[in-house]
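The values are calculated or read from the model by the stated rules, or taken from the named source; none is laboratory data. What you see is a predicted model, and the numbers here were worked out from it, not measured in a lab. In this analysis, Cβ positions are derived from the backbone assuming ideal geometry, glycine residues included, and neighbour counts consider all displayed protein chains. Surface accessibility is based on the protein's heavy atoms, side chains included, excluding ligands, DNA and RNA. Shrake-Rupley method; radii C 1.70, N 1.55, O 1.52, S 1.80 Å.
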Amino acid sequence: MASATNSREALPGWAAELSEKYYSGVTSMFVLHGNVRDLAPKKRGDSTEFVTLQQFLRDALFGARDLVLFYDRGGGLTFSTPEMKSDFEWALSGYDSFHGTNFCNGLPRNPDGVLNILDNYLRLRIQDKKKIALVVDFAETVVPAGDSSGMPAEDRNSLVILKRWAQSPIFLQADVTFCLIAENRIELNLSLVQNPGVAAIQIPLPSESERLDFIRAQLAVKPMPAGSEVTPEQLAGLTAGLKRVQMQSLISDAVENQRPLTMKFLIGRKKELIEAEAGGLLEFVQSRFDLSMVAGHESAKKKLHDAASAIRAGRTDVVPMGYVICGPVGTGKTFLTTCFAGEIGIPAVSLKNFRSMWQGQTEGNLERILNLLKAMSPIAVIVDEADAQLGNRASSGDSGVSNRVFAQIAQFMGNTELRGKVIWFLLTCRPDLLPVDLKRQGRAEEHIALFYPHTDEDRLAMLQAVLKKTGVTLTSPEAEAAFLKHAAGLSGADVEAILTRALMKNALANQAGLAAEDLTAALEDFIPPSYPTEIELQTLAAVLECTSKSLLPEEYRAMDRGEIIRRTNQLSLLSRMG
């Protein structure tokens, strides 16, 4: 399959896999998905050229073929060389003479019409012992996902033709290869992808070593601008999750505008590129804080600090696959998680709503996100309101979309090869509503419960942490005593809201610091939102979910679990009735 100058050993991993499967003689049709809109390394002796996927297939993989044809629904049929085009036109004139058609003056626009003509042409050239490759780009527009009973007639016809090619002994025994290209495999018709005669091969985003090779090749032509702070090795590490075309654009932009490649510029630009690549479905979480900024929750902080130390030491084998962070509203679940990311120095992203109203789009969105996460590791993935965001196996009424999405996420979360590389944080006030499949051992296996402060010491620690976070100082010791007088039952979010109110008067009067009387006035005026049933339910649900006794306040540690379960069920019923 590869040309003489491009042995199988010189091929990228995905191309070598395709070559091996083809030569095994059991398949001739391949679905190439994933990073298909990027540059691929084409090696010639000691030099490497980076070309589009279509060029790579034409020259490196199918360079020795007699006929190489390309088809997509918008551009129509094209050929690798003018001689190949002439051969097709000669055969097409014979087809027109025999069938009374006039395709020489224009091929049909519908894909099934083109594929029918190609079927005739390929069988004709197989008789001549020709070696043939056909590449169908944007294959999701030719055989889109969906129930065949609801597909247009031309899509059904295209599906039948491709399935017939995949199973045809004539094509399997001849030297013929079919490549269907689509960014997301899930957007292709499932019955074709799962056909035993079809092999799906993922083209991954470039690894760190592949990024370094590409960066060195780029910098050999365009050296970094003066004042750049990064080495090629550092640049390769910082660009995890980016395509080669994105790195090429980044370097070219810096060189053409003589903009030094600084850490600040690279981090900001990478954030823009990744969020654009994810279509707004991932959002980078910037954290200026580490775990020292978190008030109270000492046992929870120790667990996360130990995990951070293990990752820094390279012992990812002892790090949990993920965490369930639960507790009532306002206990700082999101803040704790972002502080963990700041502690270890790895990027953190928040998973946005990836669900779509369009057929197949939701699964395609998720596939793209998961591929990005894998390429960007190590990374922390924060899923807020996880019980609502991730769905469950029991979801119905959406043609099975929720079930398939749930299966995709569960499979990815359970991949032990990603332990310590992709760390999941499932944040929820109602962990009892989170599916067991996601929070079992081997997925989000460590369950950390956060609670409102129960002692004056904890309440003062919370006050100091919020003051540090907001940059506020107290002007007198009496302010702490005034705070403790009113602090029972307040959450961290409540305290931050109170400080904001108290600071408004100072800001208007252009005063520095926060006086005791201003804090007292804000505390006495503040009425916390009143939903005691929900707060108690969320608290008890966190108690039941917690996987470590050391995280529980003493009063809950001593409670009978049977009584907690009974009270939780009672509160859950009251909540549904309300």
In nm, spacing of pseudo-spin labels at residue 51 and residue 486 (7 Å Cα→C-beta vector): 7.3 nm
How about segment 121-210: which trypsin sites (Lys or Arg not before Pro) there are in a DSSP loop, with at most 10 other Cβ atoms within 10 Å of their Cβ? 129
Give the carbon-plus-sulfur fraction of the accessible surface of segment 136-251 in %, rounded to a whole number; probe 1.4 Å, heavy atoms of protein chains only. 53 percent
Per residue, how much accessible surface does segment 15-170 expose to a 1.4 Å probe? Answer in Å², no decimals. 46 Å²
Tally Lys/Arg at +1 and Asp/Glu at -1 over every other residue whose Cβ is under 12 Å from the Cβ of residue 195; what's the total? +2
Contour minus Cα-Cα distance for residue 222 and residue 252 (0.36 nm per residue): 10.0 nm
Need one number: % antiparallel among DSSP beta bridges in the chain, to the nearest 5. 30 percent
With runs of 4+ DSSP H residues as the only contributors, calculate the mean residue ellipticity of the chain at 222 nm using -39,500 (n - 2.57) per run, divided by the residue total and rounded to the nearest 500. -14500 deg cm²/dmol
Could you sort out which of 352/421; 421/468; 43/163; 130/163; 270/439; 302/469 sit more than 27 Å apart by Cα distance in this structure? 421/468; 43/163; 270/439
Could you work out how far apart the two model spin labels at residue 24 and residue 419 are, taking each label as a point 7 Å from the Cα in the direction of the beta carbon, and quote it in nm? 2.8 nm
For segment 114-156, list residues with backbone N below 20 Å from a point placed 7 Å from the Cα of residue 173 toward its Cβ? 119-133
Within segment 123-163, which residues have the backbone N less than 12 Å from the label spot 7 Å out from residue 83 along Cα→beta-carbon, could you tell me? none
Which percent of the accessible heavy-atom area of segment 436-578 goes to carbon and sulfur, probe 1.4 angstrom? 54 percent
Between residue 17 and residue 388, what's the calculated FRET efficiency when r is the beta-carbon distance and R0 is 30 Å? Round to 0.05. 0.20
Added length on full extension, which subtracts the Cα-Cα distance from 0.36 nm per residue, residue 407 to residue 130: 95.4 nm
Write down the accessible area per residue of segment 188-339 in Å², having rolled a 1.4 Å probe over the full set of protein chains. 44 Å²
Distance in Å, no decimals, from the C-alpha centre of segment 425-496 to the one of segment 71-143 is 67 Å
Can you give the local net charge around residue 349? Use residues other than it whose beta-carbon is closer than 11 angstrom to its beta-carbon, Lys and Arg +1, Asp and Glu -1. 0
Please list, short to long, the whole-number percent of alpha-carbon pairs of segment 157-248 in consecutive 5 angstrom bins beginning at zero. 2, 11, 17, 14, 9, 8, 9, 10, 9, 6, 3, 1, 0
Please compute the modelled spin-label separation between residue 298 and residue 558, points set 7 Å along Cα→Cβ, answer in nm with one decimal. 1.9 nm
Packing-based order for 315-322, 286-293, using average beta carbon neighbours within 10 Å, highest first: 315-322, 286-293
So residue 569 and residue 544, fully extended at 0.36 nm per residue minus their Cα-Cα distance, gain in nm 7.8 nm
FRET efficiency estimate (nearest 0.05) - Cβ-Cβ, residue 194 to residue 37, R0 22 angstrom: 0.35
I'd like to check one number: the per residue accessible area of segment 425-530, probe 1.4 Å, reported in Å² as a whole number. 49 Å²
Surrounding net charge for residue 454, when Lys and Arg each add one and Asp and Glu each subtract one, Cβ distance under 9 Å: -2
Which whole-angstrom value gives the distance between the alpha carbon centres of segment 228-285 and segment 376-391? 23 Å
